[in-house]
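What follows is a single structure, written as structure tokens, with notes after it.
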Amino acid sequence: MSTAAASGAPLYGLVLAGGHSSRMRRDKATLEYQGRSQLERTMALLCDRVAHAFVSVRAAQQADSQRTRYALIVDEQQDLGPSGGILAAQSRHPQAAWLVLACDLPFLDGRTLDHLVAARAPDRTATAYRSTRDGLPEPLCAIYEPTSQAALLRAVQSGQRCPRKFLIEADTLLIDPPDPRALENVNTPDEFERARAVLGEGVTASPKCIAVQYYALLREQAQCAGESVRTAAGTPSELYRELKTRHRFTLPPELLRVAVNAEFADWSHPLADGDTVVFIPPVAGG
């Protein structure tokens with residue numbers, strides 16, 4: 001058993017709120033759901049489950065009124081992304097294990113956090129959820145043990161700044177989330193509006209009937225040329241994720257094109273009842 005496990009390292013909490021929110025075009029920490037900012041909501045979830053909770057910020061955010069309501073940990077190095085925030089927290093309190101959360105998880109709930117804390121393995125480097133999309137670790141809803149600090153620092157110094165890659169190579173315990181949707185993040189204005197429709201206004205997505213057509217490998221794996229699907233999916237991206245699980249599709253969405261009602265469309269295109277959706281695989285051959 002490691003020193004951390006033997007000493008019962010206390011669990012501290014860190015909400016990562018130091019990003020630039022470039023795709024959202026506004027500060028994601030200030031987005032409101034059910035009358036509370038995302039940062040406020042995430043901190044409320046976190047505080048009941050850790051000994052001390054902090055907000056991770058960039059140096060330029062130290063005076064921000066939304067963030068100064070909480071204890072802050074300022075990045076010690078710039079432009080390291082989430083890894084920089086985690087390292088700054090570990091540097092401040094090296095004796096602690098850290099429950100690290102992104103501030104853009106509007107569907108995150110207490111049950112998911114309780115499940116993660118209960119599954120914590122102090123004798124491992126980290127405990128993280130396994131993504132239902134690709135089976136890889138979800139680094140921004142995970143527990144990092146004190147022993148992870150030196151390894152993460154070495155990874156960053158060698159040029160590897162991605163916390164997911166770090167967890168892949170580390171001694172990480174991977175567990176399945178009780179609710180996969182709890183780990184969905186919100187990065188764009190369209191995603192924010194859809195999340196607000198579900199959470200902020202208390203409205204559940206209405207089921208709709210979508211006609212889906214398959215070609216090539218997708219047709220083989222679905223064992224049909226098309227089907228009528230009753231779904232609450234709001235976009236082609238959500239629909240494909242649902243169908244990928246149902247039919248065990250092996251093609252990732254980035255290799256496909258999507259058409260809605262005979263017109264090429266973006267993966268975030270809103271779906272309506274009666275739409276026809278075609279997922280188009282890459283053309284084989286030369």
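The values are calculated or read from the model by the stated rules, or taken from the named source; none is laboratory data. Not measured: the values here are computed from a predicted model. Cβ placement follows ideal geometry from the backbone for every residue including glycine, while neighbour counts extend to all protein chains displayed.
Restricting attention to the range 104-120, does a residue exist that is aromatic (Phe, Trp, Tyr), surrounded by fewer than 24 Cβ atoms within 10 Å (Cβ to Cβ) and in contact (Cβ under 8 Å) with a residue 40 or more places away in the chain? So far as the range 104-120 goes, yes, one or more of its residues are aromatic (Phe, Trp, Tyr), surrounded by fewer than 24 Cβ atoms within 10 Å (Cβ to Cβ) and in contact (Cβ under 8 Å) with a residue 40 or more places away in the chain. Only one residue in Pro163, Pro146 is within 22 Å of Ala126 (Cα to Cα), modelled with pLDDT of 95 or more and over 18 Å from the mean Cα position of the chain (by Cα). Which one? Just a single option satisfies the conditions, and that option is Pro146.
Here is the figure for the range 196-219: residues that are of a type outside the set (S, T, N, Q) and at pLDDT below 85 total 10.
When you go through Leu174, Leu140, Leu152, Leu167 one by one, which is the residue that is outside any strand (DSSP E or B), within 26 Å of Glu254 (Cβ to Cβ) and of a type in the set (A, V, I, L, M, F, W, C)? Before the answer, list the steps.
Details: Leu174 fails: outside any strand (DSSP E or B); Leu140 fails: outside any strand (DSSP E or B); Leu152 fails: within 26 Å of Glu254 (Cβ to Cβ).
Checking each option against the conditions leaves just Leu167.
Considering only residues that are within 19 Å of Gly13 (Cα to Cα) and more than 16 Å from the chain's Cα centre (by Cα), which ones fall in the range 31-40? Passing the criteria: Ser37, Glu40. Scanning the range 220-274 for residues that are part of a loop (DSSP other than H, G, I, E, B) and of a type in the set (Val, Ile, Thr), we see that the one that is surrounded by the fewest Cβ atoms within 10 Å (Cβ to Cβ) is Thr250. Report, by residue number, each residue of the range 115-135 that is within 26 Å of Glu191 (Cβ to Cβ) and at pLDDT 95 or above. Residues satisfying the conditions are His115, Leu116, Ala128, Tyr129, Arg130. Among the criteria (1) at pLDDT below 95; (2) at negative phi; (3) surrounded by fewer than 18 Cβ atoms within 10 Å (Cβ to Cβ), the one Asp79 does not fulfil is (2).
In the set Asp176, Asp171, Asp190, which member is in contact (Cβ under 8 Å) with a residue 24 or more places away in the chain, touching a strand residue (DSSP E or B) at 6+ places or on another chain (Cβ under 7 Å) and outside the structural domain of Val260 (by TED's automatic domain parsing)? Please lay out each step first, then the result.
Numbers: Asp171 fails: touching a strand residue (DSSP E or B) at 6+ places or on another chain (Cβ under 7 Å); Asp190 fails: touching a strand residue (DSSP E or B) at 6+ places or on another chain (Cβ under 7 Å).
Just a single option satisfies the conditions, and that option is Asp176.
If only residues of the range 111-137 that are of a type in the set (A, V, I, L, M, F, W, C) and part of a loop (DSSP other than H, G, I, E, B) are counted, the one that is nearest to Tyr12 (Cα to Cα) is Ala121. Residues of the range 181-193 that are surrounded by fewer than 18 Cβ atoms within 10 Å (Cβ to Cβ) and not acidic (Asp, Glu): Arg181, Asn185, Asn187, Thr188, Pro189.
Taking the listed residues Gly85, Gly135, the one that is out of contact with any helix residue (DSSP H, G or I) (no Cβ under 9 Å at 6 or more places or on another chain), crowded, with 16+ Cβ neighbours inside 10 Å and of a type outside the set (A, V, I, L, M) is Gly85, with no other qualifying. Going by the structure shown, is Leu152 surrounded by 19 or more Cβ atoms within 10 Å (Cβ to Cβ) and touching a Cys at 6+ places or on another chain (Cβ under 7 Å)? The answer is no for Leu152. Of everything listed in (1) exposed (fewer than 15 other Cβ atoms within 10 Å of the Cβ); (2) over 28 Å from Asp27 (Cβ atoms); (3) under 17 Å from the mean Cα position of the chain (by Cα), the single unmet condition for Ile175 is (1).
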